[in-house]
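Have a look at the structure below before the remarks.
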Amino acid sequence: MANNKELSEQEVVRRRSMEALRERGIDPFPAAEYEVTGHTVEIKENFSDEAQPPRQVRVAGRVMSRRIMGKASFMELQDADGRIQIYVSRDELCPGEDKDLYNVVFKKLLDIGDFIGVEGFVFRTQTGEISIHAQKITFLGKSLRPLPIVKMKDGKAYDAFTDPEMRYRRRYVDLVVNKGVKDIFVKRTRMFNSMREYFNSHGYLEVDTPVLQSIPGGAAARPFVTHHNALDIPLYLRIANELYLKRLIVGGFDGVYEFSRNFRNEGMDRTHNPEFTCMEIYVPYKDYNWMMCFTERMLEKIATDVNGTTKVKVGDNEIDFAAPYPRVTMTQAILDATGFDITGKSEEELRDFCKSQGIEVDASMGKGKLIDEIFGEKCEGTFIQPTFITDYPIEMSPLTKRHRDNPELTERFELMVNGKELANAYSELNDPIDQYERFVEQMRLADKGDDEAMIIDADFIRALEYGMPPTSGMGIGMDRLAMLLTGQSTIQEVLLFPQMRPEVRAKKEGEDGDSAEAESED
């Protein structure tokens, strides 16, 4: 526990209150169960002025405000659903000799942020506010730090907890004091539940695959590296679960999916976190055309389940997830945006075009990365409404089946929404010889300095040699989908605890409490 030299004046006062409660025989952190019979929102929704006798309830939550008016007081109690006013009468709550209990405990030792239980009846005040008339108050938990409660003066808000750095570092405070934050994460859970329902209704099986992997496969990304002491070998946090899920298709499952935590040792920005959640699904005897239809119907359902409509506002854009979505080939998208046809172009021609357009390139980039840079710079941000970009050049897609009509292309799509990739899908490559040759080409790129090139996974090749049926697979970024469905512009808003740079704390002269803690980054 922090010593007094590290505590603000308010924190010292609260600790004294804690000890004073103990001296009066009140445990500031009791362990006993407290049975709750009602919640704030439900109580107000079901209130009836005609109810006789008035409804008796037991509620629990945080004290968020207090107005002490002599023998009568009001406070606002916040539970998981919302807030409700509590009316406290000294003479009813603490009759006879217990008046000192009201004067000392309730008026002096109870702080904003403390947890209490309230037993009483529901009524409507003279001002029309549905409230609880307290008949018994039980202390449930002491708050030793003051909450940053918003204060208003001359129409301006003060002490609001709005700084993003503080909000993301102290999400527990953000959830308490900022209205609407909790709703984002309720919708996020709804989104996962809706997707699960959709997959389960089609008979597909949710599975788990390893997070620690001997080879970082399934995507082009830089991994986190760790070490297993007992085996004395390096291991990698997974960058994708694709190759394990396809092994299960080899094993005979009729459709598998997984919500996986993936880790990529790359940059952080408004749309990237080093730890993120991805869903991948693989269905045998299907192709990427089928997967496009499956995906758009799924997203239409999820949007409706989460928000009650297929439309959502993201910044200045209104996104409509109603199916169907347009299909545009990557070659056509680049041609439309730049007038440049990538068909048949050599690596040197692609590099020269990038330079002519001011697109940054380096010697490690092969044809696939050069085309990806062109699309990313010139096309990606223009697709606001959900749009499938299809038929990627083979150099960009080492795990994808060649296009049945053009061997220079692959049967792949990415779903673009609001100018960003949301989903990625293939007709999966199931030819082990072709797959091995693609891996070898990836190793050549690694030799040129591409630190995101894939490593040959010999066991995956062996699995394919046992035979894998025609299969379609799709991965979708769950954090980005949550951003879209909740109208957020940064990934940190949809992660309960996003990764942050190391915290540096310093006290400002002449200030106390949380507002006195300056937080910056290295």
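The values are calculated or read from the model by the stated rules, or taken from the named source; none is laboratory data. These figures come from a predicted structure and were not determined experimentally. As a convention, Cβ positions derive from the backbone with ideal geometry for all residues, glycine included, and neighbour counts pool all protein chains shown. For accessibility, only protein heavy atoms count, side chains too; no ligands or nucleic acids. Shrake-Rupley method; radii C 1.70, N 1.55, O 1.52, S 1.80 Å.
The condition of being part of a loop (DSSP other than H, G, I, E, B) and farther than 29 Å from E465 by Cα does not hold for G252. Could you please tell me which pairs satisfy a Cβ distance under 8 Å, a separation of 6+ or placement on different chains, a first residue in the stretch 133-152 that is free of Cβ contacts under 8 Å to residues at least 24 places away in the same chain, and a second residue that is open to solvent by less than 50 Å² (accessible area, probe 1.4 Å) and assigned to a strand (DSSP E or B)? Once the first residue is free of Cβ contacts under 8 Å to residues at least 24 places away in the same chain and sits in the stretch 133-152, no partner that is open to solvent by less than 50 Å² (accessible area, probe 1.4 Å) and assigned to a strand (DSSP E or B) comes close enough. Say we look at the stretch 46-100 and pick out the residues that are open to solvent by 60 Å² or more (accessible area, probe 1.4 Å) and of a type in the set (A, V, I, L, M); which of these is modelled with the lowest pLDDT? Restricting to residues being open to solvent by 60 Å² or more (accessible area, probe 1.4 Å) and of a type in the set (A, V, I, L, M), the top hit is M69. Can you name the number of the only condition in (1) in a helix (DSSP H, G or I); (2) touching a helix residue (DSSP H, G or I) at 6+ places or on another chain (Cβ under 9 Å) that G376 fails? In the conditions (1) in a helix (DSSP H, G or I); (2) touching a helix residue (DSSP H, G or I) at 6+ places or on another chain (Cβ under 9 Å), G376 misses (2) alone.
Listed conditions (1) surrounded by fewer than 19 Cβ atoms within 10 Å (Cβ to Cβ); (2) at pLDDT below 95 are all met by F123, apart from (2). Filter the stretch 400-421 down to the residues that are under 28 Å from the mean Cα position of the chain (by Cα) and in contact (Cβ under 8 Å) with a residue 60 or more places away in the chain, then identify the one that is most open to solvent (accessible area, probe 1.4 Å). Here the residue is K420. Filtered by the rule that a residue be assigned to a strand (DSSP E or B) and not charged (D, E, K, R), the stretch 387-404 gives T387, F388, I389, T390, P393, T400.
For the stretch 292-305, filtering for residues that are under 20 Å from the mean Cα position of the chain (by Cα) and open to solvent by less than 10 Å² (accessible area, probe 1.4 Å) leaves 4.
Name the residue that is nearest to the chain's Cα centre (by Cα), counting only residues in the stretch 142-184 that are small (G, A, S) and modelled with pLDDT under 95. Selected residue: G180. Would you mention how many residues in the stretch 52-89 are touching a residue at least 24 places away in the same chain (Cβ under 8 Å) and assigned to a loop (DSSP other than H, G, I, E, B)? Residues in the stretch 52-89 being touching a residue at least 24 places away in the same chain (Cβ under 8 Å) and assigned to a loop (DSSP other than H, G, I, E, B): 7 in total.
Which of the residues that make up the stretch 353-373 are surrounded by fewer than 13 Cβ atoms within 10 Å (Cβ to Cβ) and either assigned to a helix (DSSP H, G or I) or touching a Pro at 6+ places or on another chain (Cβ under 7 Å) (or both)? Across the stretch 353-373, the qualifying residues are K355, S356.
When restricted to residues that are free of Cβ contacts under 8 Å to residues at least 60 places away in the same chain and on the phi < 0 side of the Ramachandran plot, the stretch 232-257 contains 15.
Restricting the stretch 422-443 to residues that are among the charged types (D, E, K, R) and touching a residue at least 24 places away in the same chain (Cβ under 8 Å) leaves a set whose member that is surrounded by the most Cβ atoms within 10 Å (Cβ to Cβ) is E428. In the stretch 1-51, the qualifying residues are those that are part of a loop (DSSP other than H, G, I, E, B) and of a type in the set (G, A, S), and the one that is nearest to L77 (Cα to Cα) is G38. Here the condition is being touching a strand residue (DSSP E or B) at 6+ places or on another chain (Cβ under 8 Å), touching a residue at least 24 places away in the same chain (Cβ under 8 Å) and polar (S, T, N, Q); of N307, N262, N273, N317, it holds for N262 alone.
Each row is one residue, and each column tells you yes or no for (1) in contact (Cβ under 8 Å) with a residue 60 or more places away in the chain; (2) among the aromatic types (F, W, Y); (3) closer than 30 Å to F121 by Cα.
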| site | (1), (2), (3) |
| --- | --- |
| R15 | yes, no, no |
| E23 | no, no, no |
| I26 | yes, no, yes |
| N46 | no, no, yes |
| E50 | no, no, yes |
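Of (1) open to solvent by 10 Å² or more (accessible area, probe 1.4 Å); (2) in a strand (DSSP E or B); (3) in contact (Cβ under 8 Å) with a residue 24 or more places away in the chain; (4) not basic (K, R), V504 satisfies all except one. Which? With (1) open to solvent by 10 Å² or more (accessible area, probe 1.4 Å); (2) in a strand (DSSP E or B); (3) in contact (Cβ under 8 Å) with a residue 24 or more places away in the chain; (4) not basic (K, R) applied to V504, the lone miss is (3). Would you confirm whether any residue within the stretch 225-236 is open to solvent by less than 40 Å² (accessible area, probe 1.4 Å) and at pLDDT 95 or above? Checked the stretch 225-236: at least one residue is open to solvent by less than 40 Å² (accessible area, probe 1.4 Å) and at pLDDT 95 or above.
In the set (1) of a type outside the set (S, T, Y); (2) more than 21 Å from G128 (Cα to Cα); (3) under 34 Å from the mean Cα position of the chain (by Cα), R90 fails one condition alone, (3).
The lone criterion from (1) under 14 Å from L484 (Cβ atoms); (2) open to solvent by 60 Å² or more (accessible area, probe 1.4 Å); (3) not small (G, A, S) left unmet by N289 is number (1). Among the residues of the stretch 317-337, those that are open to solvent by less than 60 Å² (accessible area, probe 1.4 Å) and part of a strand (DSSP E or B) comprise N317, I319, D320, V328, T329. Checking the stated criteria, G473 turns out to be in contact with a strand residue (DSSP E or B) (Cβ under 7 Å, 6 or more places away or on another chain) and of a type in the set (G, A, S).
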